[in-house]
Amino acid sequence: MTRKRTPSKSKKIIGLVLGVSALSCTIAVTTGLGFASESDSRPDAVRHPGKPTPGTFQAPVRSGVQIYACTQQPDGTFAFTQRDVRATLKGGIKHSFVNPASGPPQWVAPDGSAVTATVTSKTPHGAGNIPELELTATQTGLPTGKLANVTKIRRVNTQGGVAPTGPCDPAANPTVEVPYSAVYEFIASPSPSTPADG
């Protein structure tokens, strides 16, 4: 009578280990694919934050002077007071006064768009520096172009440009030009066709 051969205990254990390993690999692969799919489907709000209104930009002063005139004061003395400004900003924007001594300030882009503005607030920016400004802009140039939708202007990061102190002699020094630098922020309002962010 012949006995049937049966697998040894060690062979059974090896088979069991291999089966468990295969099952673990299957679970790991499936789970990994699940995480990858979840990662790929995440909303991209963080990667694509809200965009600024088209037409809003910054333009540093490339070269600029604040111009002061030696004028008579109410008490009869003479002192330097603001007469004009002459500056070229990044992008070729020219900054000056429409009318010397009376303003208003204006910015004219090479494409023919332009604005004038009135000051709404002033903020001191340290000794020896002209103040930072916030201004409300009015369109005066072409209806299209770099400045066409600008409604507000900010003058920030000012350096220099302060009028000389003390009395002056209108015959000897009728005007002085004081170099300055600043960054102008041109802020555009959304066009009626652009939905506002909620």
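Here are the numbers for this structure:
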quantity	calculated
Those residues of region 122-150 which are in a strand (DSSP E or B) and of a type in the set (S, T, Y), in sequence order	T123, T136, T138
In region 169-182, the residues that are within 30 Å of E134 (Cβ to Cβ) and among the hydrophobic types (A, V, I, L, M, F, W, C)	V176, V178, A182
Number of the exception - H95 against (1) open to solvent by 70 Å² or more (accessible area, probe 1.4 Å); (2) part of a strand (DSSP E or B)	(1)
Filtered residue count, region 106-116, keeping only those that are closer than 18 Å to Q58 by Cβ, open to solvent by less than 30 Å² (accessible area, probe 1.4 Å) and not hydrophobic (A, V, I, L, M, F, W, C)	1
Failed item in (1) buried (at least 20 other Cβ atoms within 10 Å of the Cβ); (2) touching a Ser or Thr at 6+ places or on another chain (Cβ under 9 Å); (3) assigned to a strand (DSSP E or B), with V119 passing the rest	(1)
The lone exception for G103 - which of (1) on the phi < 0 side of the Ramachandran plot; (2) in a loop (DSSP other than H, G, I, E, B); (3) buried (at least 17 other Cβ atoms within 10 Å of the Cβ) it fails	(1)
Filtered residues of region 157-180 (kept if within 30 Å of Q73 (Cβ to Cβ) and under 17 Å from the mean Cα position of the chain (by Cα))	T158
Test: residue in region 118-131 that is modelled with pLDDT of 95 or more, among the β-branched types (V, I, T), closer than 22 Å to P190 by Cβ and within 19 Å of the chain's Cα centre (by Cα)	no
Residue count for region 133-161, restricted to those that are closer than 21 Å to I67 by Cβ and surrounded by 18 or more Cβ atoms within 10 Å (Cβ to Cβ)	6
Test set (1) in contact with a strand residue (DSSP E or B) (Cβ under 9 Å, 6 or more places away or on another chain); (2) loosely packed, with under 14 Cβ neighbours inside 10 Å; (3) of a type outside the set (S, T, Y) - P74 fails condition number	(1)
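Residues are listed down the side, and each one gets a yes or a no for (1) modelled with pLDDT of 95 or more; (2) within 20 Å of the chain's Cα centre (by Cα); (3) among the aromatic types (F, W, Y):
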| position | (1), (2), (3) |
| --- | --- |
| T53 | no, yes, no |
| P60 | yes, yes, no |
| I67 | yes, no, no |
| Q72 | yes, no, no |
| T81 | yes, no, no |
| I93 | yes, yes, no |
| F97 | yes, no, yes |
| P105 | yes, no, no |
| D111 | yes, no, no |
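The values are calculated or read from the model by the stated rules, or taken from the named source; none is laboratory data. Since we're looking at a predicted model, the values are computed, not measured. As a convention, Cβ positions derive from the backbone with ideal geometry for all residues, glycine included, and neighbour counts pool all protein chains shown. Ligands, DNA and RNA are stripped out before the accessible areas are found, and what is left, the full protein with its side chains, is counted by its heavy atoms. Shrake-Rupley method; radii C 1.70, N 1.55, O 1.52, S 1.80 Å.
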